[in-house]
Amino acid sequence: MHEDTVERYPAYIGDHTLATEQTLPALEASTGRLLARISRCGAREVDQAVQAAATAQTAWGRTSYEHRALLLNRLADALEQAAPRLARLDAQDVGRRVAETAVDYQIAVAQYRYFAAAIITHEDFGRPIDDGYLLAKRTPLGVVGQIIPWNVPAIMVALKVAPAVAAGNAIVLKPDENASLSTLEFAKIATGIFPPGVINVVTGLGEEAGAALCAHPRVAKLAFTGSPEVGRLIGQAGARRLVPVSLELGGKSPNIVYPDIDDIDAVVDNALFAALYCNGQSCLAGTRLFLHADIYGAFMEKLVQAAQRLRIGDPLDETVHLSCLINKQQGERVLDYIRIGRDEGAKQLAGGSRVKVGGHEHGYFIEPTILEASNAMRVAQEEIFGPVLSVIRWSDVDTMIAEANDVPYGLASGIYTSNLKHALETADRLQAGNVWINRYFNLSGGSPFGGMKESGIGREHCRETLHMYSQLKAITLQNAVPAAWFAR
């Protein structure tokens with residue numbers, strides 16, 4: 001596509017769009033083809049977006065819960081209609097297979113509908129007091145600054161926008177510069193449904209637009225999904241201005257297999273899904289597989305065979321299991337970690353190499369890689385964000401749980417067992433915000449999602465999220481002014 005004919009996306013601010021003179025390229029992950037150019041916003045554009053949000057929020061915060069729910073449902077309907085086109089755009093922009101990005105929109109649409117329902121039942125509370133009444137009511141925070149990563153754009157937008165807007169806030173959202181296109185298409189749809197300024201989208205670099213958003217004095221809350229390193233910086237920015245910050249950060253999630261499983265083939269399949277969904281570029285991926293010694297040999301044989309059967313190819317091919325990583329930087333990072341694992345003494349049982357896909361030579365397609373490792377190795381301690389699974393043999397429950405918890409993270413975990421006692425006792429002992437038993441990534445509607453330790457602060461995807469985007473105001477009503485006593 002010629003540079004002169006490529007689409008140029010503006011920022012969405014208030015009741016207008018704003019195209020900056022400087023732009024950033026949006027490249028197709030698998031081919032390197034220029035898909036579009038996005039605006040490179042900075043402090044000036046962020047300030048305009050925050051001012052627009054602040055102006056809109058006053059009226060938006062006074063709207064009824066029913067009206068907010070109505071618009072959220074309209075947004076869900078519109079996104080559902082646009083989903084096939086947007087899923088294809090995400091597959092091109094991010095490199096994930098289109099069969100996955102299509103599911104993203106099902107999850108995203110469900111989030112808008114969930115919070116449309118949840119806000120209607122988000123009651124305040126009160127009680128009688130002596131000669132009066134106490135009312136505690138939920139009020140919006142104001143303007144919320146939100147920053148999201150590139151791996152699952154549709155879901156990330158929904159997790160941030162739906163509860164914030166439902167709670168009566170106006171938002172300024174900054175998507176990752178590596179995956180902004182579907183979020184800008186979302187902005188086209190959303191700004192035609194919501195009042196001007198309620199939803200604003202600014203694109204650009206983290207150190208420019210992101211930093212300006214975090215530092216803006218009229219932003220009343222920050223919400224971020226991404227790496228712990230950046231999360232710390234955003235937490236510090238919030239602390240400097242004494243505004244609340246919610247963080248959903250990294251993970252190195254344990255996936256535990258007990259020897260009493262009923263169907264070894266089903267568990268093999270689910271464990272591979274846990275590690276490789278999103279090409280392994282997921283904070284919740286089950287990247288440490290704790291496998292009991294009694295079934296280790298039989299399980300590993302099936303696991304390796306299953307990994308070798310997986311098809312790798314064009315992100316727009318609905319029949320493939322794995323596609324390409326987001327860009328060269330991430331691809332080289334994953335390959336470096338595989339080399340680090342081998343140097344540490346991990347035994348490579350499958351994969352480990354980059355694959356060339358015809359017509360997509362630009363893309364980093366990496367084989368599903370299985371490493372036989374120990375928990376102390378870097379490949380079992382650090383988030384790789386690629387299709388790499390570290391398998392750790394265990395025989396003693398206490399030692400296994402200690403190792404499962406022996407990482408800086410605590411986001412997700414999985415357990416496979418037919419024994420209810422094993423399931424619940426292990427779940428209680430795991431330091432993870434989510435524990436999925438016999439089905440990994442079983443994140444049903446309204447199920448809280450968030451992490452412990454360095455995996456973040458706060459919970460998304462649930463009713464509790466509305467509390468993160470609102471605050472309690474206490475109002476006491478006395479039937480009459482008390483008799484004079486102070487200045488008599």
Calc'd 3J(HN,Hα), region 19-26, phi into Karplus 6.51 cos²θ - 1.76 cosθ + 1.60 (θ = phi - 60°), Hz, glycine/Pro = x, comes to 9, 7, 5, 7, 10, 10, x, 10
Here, Arg342 and Glu318, labelled 7 Å along Cα→Cβ, have an inter-label distance in nm of 3.8 nm
Total charge of the residues flanking Gly206 in space, meaning their Cβ is under 10 Å from its Cβ, with Lys and Arg +1 and Asp and Glu -1, is -3
Rounded to whole angstrom, the alpha-carbon centroid of region 245-324 lies from that of region 163-199 at a distance of 33 Å
Output for region 254-437 (equivalent-ellipsoid semi-axes, sqrt of 5λ from the C-alpha gyration tensor, Å, descending) is 28, 17, 15
Over the Cα atoms of region 395-488 the radius of gyration and the largest Cα-Cα distance (Dmax), both in Å, equal 22.5, 78
If R0 = 30 Å, then Leu424 and Ser374, at their Cβ-Cβ distance, give a FRET efficiency to the nearest 0.05 of 0.60
Note on region 265-314: the mean projected area of its alpha-carbon convex hull, in nm², is 3.8 nm²
Log10 I(q)/I(0) at q = 0.10, 0.11, 0.20 Å⁻¹ for region 109-260, from Debye over equal alpha-carbon scatterers, is -0.43, -0.50, -1.28
Taking protein heavy atoms only, a 1.4 Å probe, and rounding to whole percent, the accessible area of region 254-437 owed to carbon and sulfur comes out at 46 percent
The rounded separation in angstrom of the Cα centers of region 95-143 and region 335-377 is 41 Å
Rh (Kirkwood, all Cα-Cα pairs) for the chain, Å, reads 23.7 Å
Counting only residues 5 or more apart in sequence or on a different chain, those whose built amide H sits under 5 Å from that of Ile437 are Ile415
In the neighbourhood of Arg354 defined by beta carbon distances under 14 Å, the net charge of the other residues (Lys, Arg +1; Asp, Glu -1) is 0
By the Cα gyration tensor axes a ≥ b ≥ c (a/c under 1.5 gives rounded; else a/b larger than b/c gives prolate, otherwise oblate), the shape of region 175-223 is oblate
Sorted on mean Cβ neighbours within 10 Å (highest first), peptides 113-122, 295-304 come out as 113-122, 295-304
Relative contact order as a percentage, the chain, C-alpha pairs under 8 Å and 6+ apart, gives 18 percent
Calculated from DSSP helices alone, with each H run of at least 4 adding -39500 (n - 2.57) and the total divided by the residues of the chain, [θ]222 nm to the nearest 500 comes to -12000 deg cm²/dmol
With a 28 Å threshold on alpha-carbon distance, the violating pairs from Lys174/Lys328; Lys160/Lys252; Lys137/Lys252; Lys137/Lys174; Lys221/Lys328; Lys160/Lys421 are Lys137/Lys252; Lys137/Lys174; Lys221/Lys328; Lys160/Lys421
Counting only protein heavy atoms and rolling a 1.4 Å probe, one gets per residue an accessible area for region 254-437 in Å² of 40 Å²
Per DSSP, the loop-located GluC sites (Glu not before Pro) within region 1-95 having at most 16 other beta carbons within 10 Å are Glu3, Glu21
So, relative contact order of region 254-437 in percent, Cα under 8 Å, 6 or more apart, is 27 percent
The Cα radius of gyration of region 225-355, divided by 2.2 N^0.38 Å with N its residue count, comes to 1.28
Measuring from its Cα centre, the chain shows a charge dipole (+1 at each Lys and Arg Cβ, -1 at each Asp and Glu Cβ) which, in debye to the nearest 20, is 1240 debye
For 332-342, 365-375, ranked highest to lowest by mean beta-carbon neighbours within 10 Å, the order is 365-375, 332-342
Candidate cut points under GluC sites (Glu not before Pro) in region 373-454, DSSP loop plus at most 16 other Cβ atoms within 10 Å of their own Cβ, are Glu382
Long-range share for region 1-144, i.e. C-alpha pairs more than 19 Å apart as a percent of all pairs, stands at 70 percent
With DSSP loop assignment and no more than 11 other C-beta atoms within 10 Å, the chymotrypsin sites (Phe, Trp or Tyr not before Pro) in region 392-488 are Trp485, Phe486
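The values are calculated or read from the model by the stated rules, or taken from the named source; none is laboratory data. Bear in mind the structure is a predicted one, so any value in this text is a computation, not a measurement. We place every Cβ from the backbone using ideal geometry, glycine too, and count neighbours over all the protein chains shown. Surface areas here come from the heavy atoms of the whole protein model, side chains and all, with no ligands, DNA or RNA. Shrake-Rupley method; radii C 1.70, N 1.55, O 1.52, S 1.80 Å.
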